[in-house]
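This report refers to the structure that appears directly beneath it.
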Amino acid sequence: MVVLCWIATAVVSVAAGRAQAQDVFGGSEAPPRRDGLRWNADTPVDADPGTRADETAVRHGEQRPFVFARDPSILLPGEVSIEYALQGVSGTEALRPLPANLGARGALHGATVGIGATSWLAAFATGLVYQPADGSSQQAAATGQAGVRLLLTRPDAALRAGAETSFVRELAGAMGVASRLSLTYDAGPLRMVGNAYAEKIFTAGRDSVDLLAFGGASVRATSQLRVGAEYVGQDLEDAFESEEAEGGARHFAGPVAAFHLADGSFWVTAGPAFGLNERSPRLIGRLSVAAAF
């Protein structure tokens, strides 16, 4: 609640600053946007009034203001990205954004390479390595994933939608497929996000489908900093399945901060997550560092 109140205060402060700028510069005309403050939907700084943005509204197509949720923006055609992510291990066979328990101590390292194919299609491949904590009897393991991301709306639309489908291989060797639908809405300095994620693992003893949900908001605090909050609900199929393979639904929420440089070519996004129900670990988090060329 404190985080949400802080976000609301930031939004009001930014709105008040814009109103003051209108008075200073006269009439309803505000000063030009600073280049570093733009979302994908914002009009380029040097565009004529009333014109629409396009793929060149931002120097780099993919934005990463969220640490757990997926933004629907994708790489521009011919653009390449490299990402490193660090988080806690899931604690179950399933790969999850947040641990189901802390019994399996260690870290999960991820390295992702992406490439933009067209204005609406990008491909990616991810390598994952589990590093057991000191003193753990478990062995290190590695696996990989690969898939495509689609941008379903114009890159400059206030309401944007994206889809993702991927081949999944878990650390224990089980195979499956996963799909994600992502939505964002831009309202001035505020971006709101929602994701629906479904996964099917083709092995005995697993759920018929695994369901996850993500939600959050991010505010442009400065020309290089976005701050906000996120929610993660995982294994939500527990609501209608008599026996849930991963031990039941878990809910998390926490603040997130995203810092970017060089017109969005370099992003550092991180945030803790606090467990909201008895099954959830009390405090964990995730860090992501990404660069686009």
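The values are calculated or read from the model by the stated rules, or taken from the named source; none is laboratory data. Because the structure is a prediction, the values reported are computed rather than measured. Cβ coordinates were reconstructed from backbone atoms using ideal geometry, including for glycine residues, and neighbour counts include every protein chain displayed.
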Fill in the blank from the handout: Of the conditions (1) under 28 Å from I115 (Cβ atoms); (2) under 19 Å from the mean Cα position of the chain (by Cα); (3) not hydroxyl-bearing (S, T, Y), the single one that G173 does not satisfy is (2)
Practice task
Determine which single condition R169 fails, assuming it passes every other condition in (1) free of Cβ contacts under 8 Å to residues at least 60 places away in the same chain; (2) among the basic types (K, R); (3) closer than 25 Å to A229 by Cα.
Solution key: (3)
Exercise for the section: Would you check if there is a residue in the range 201-210 being at pLDDT 90 or above, closer than 24 Å to L151 by Cα and in a strand (DSSP E or B)? Expected result: no
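Could you tell me which of the residues D235, D210 is touching a helix residue (DSSP H, G or I) at 6+ places or on another chain (Cβ under 7 Å), crowded, with 21+ Cβ neighbours inside 10 Å and not polar (S, T, N, Q)? Outline the logic, then answer.
Numbers: D235 fails: touching a helix residue (DSSP H, G or I) at 6+ places or on another chain (Cβ under 7 Å).
The conditions single out D210.
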Handout entry: Qualifying residue in the range 108-116 (condition: under 24 Å from V80 (Cβ atoms), modelled with pLDDT of 95 or more, loosely packed, with under 15 Cβ neighbours inside 10 Å and not β-branched (V, I, T))
Key = yes
Fill in the blank from the handout: Selection over the range 260-293 where residues are in a loop (DSSP other than H, G, I, E, B) and touching a residue at least 40 places away in the same chain (Cβ under 8 Å) yields a count of 5
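Hey, any hits in the range 133-140 for a residue that's of a type in the set (A, V, I, L, M, F, W, C) and surrounded by 15 or more Cβ atoms within 10 Å (Cβ to Cβ)? Step through it out loud before you land on a result.
Applying the first criterion (of a type in the set (A, V, I, L, M, F, W, C)) to the range 133-140 yields 133, 140.
If we keep only those that are surrounded by 15 or more Cβ atoms within 10 Å (Cβ to Cβ) too, we end up with none.
For the range 133-140, residues of a type in the set (A, V, I, L, M, F, W, C) and surrounded by 15 or more Cβ atoms within 10 Å (Cβ to Cβ): absent.
For the range 249-274: of the residues being of a type in the set (F, W, Y) and buried (at least 20 other Cβ atoms within 10 Å of the Cβ), which is nearest to Y231 (Cα to Cα)?
If we filter the range 249-274 for residues that are of a type in the set (F, W, Y), which is where we start, we get 252, 259, 266-267, 274.
Pick out the ones that are also buried (at least 20 other Cβ atoms within 10 Å of the Cβ) and you get 252, 267.
Working: F252: 6, W267: 21 Å.
Per the criteria, the residue is F252.
Give the number of residues within the range 165-187 that are assigned to a loop (DSSP other than H, G, I, E, B) and either in contact with a Lys or Arg (Cβ under 8 Å, 6 or more places away or on another chain) or modelled with pLDDT of 95 or more (or both).
Here is the first cut: in the range 165-187, the residues assigned to a loop (DSSP other than H, G, I, E, B) are 170-174.
Then drop every residue that is not either in contact with a Lys or Arg (Cβ under 8 Å, 6 or more places away or on another chain) or modelled with pLDDT of 95 or more (or both), which leaves 174.
Residues meeting the conditions: 1.
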Practice task
Could you please find all residues in the range 128-144 being of a type in the set (S, T, N, Q), modelled with pLDDT of 80 or more and in contact with a Lys or Arg (Cβ under 7 Å, 6 or more places away or on another chain)?
Solution key: T143
Fill in the blank from the handout: Within the range 246-259, the residues that are in a strand (DSSP E or B) and either under 30 Å from G205 (Cα atoms) or at pLDDT below 85 (or both) are R250, H251, F252, A253
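Somewhere in the range 213-231, is a residue acidic (D, E) and at pLDDT below 90?
Our first condition is that a residue be acidic (D, E); within the range 213-231, this holds for 230.
Okay, now just the ones that are also at pLDDT below 90, so none.
No, the range 213-231 has no match at all.
Rundown of residues vs (1) out of contact with any Leu (no Cβ under 9 Å at 6 or more places or on another chain); (2) under 18 Å from Q63 (Cβ atoms), yes/no style:
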{"residue": "T165", "(1), (2)": "no, no"}
{"residue": "A229", "(1), (2)": "no, yes"}
{"residue": "L236", "(1), (2)": "no, no"}
{"residue": "R250", "(1), (2)": "no, no"}
{"residue": "G264", "(1), (2)": "yes, yes"}
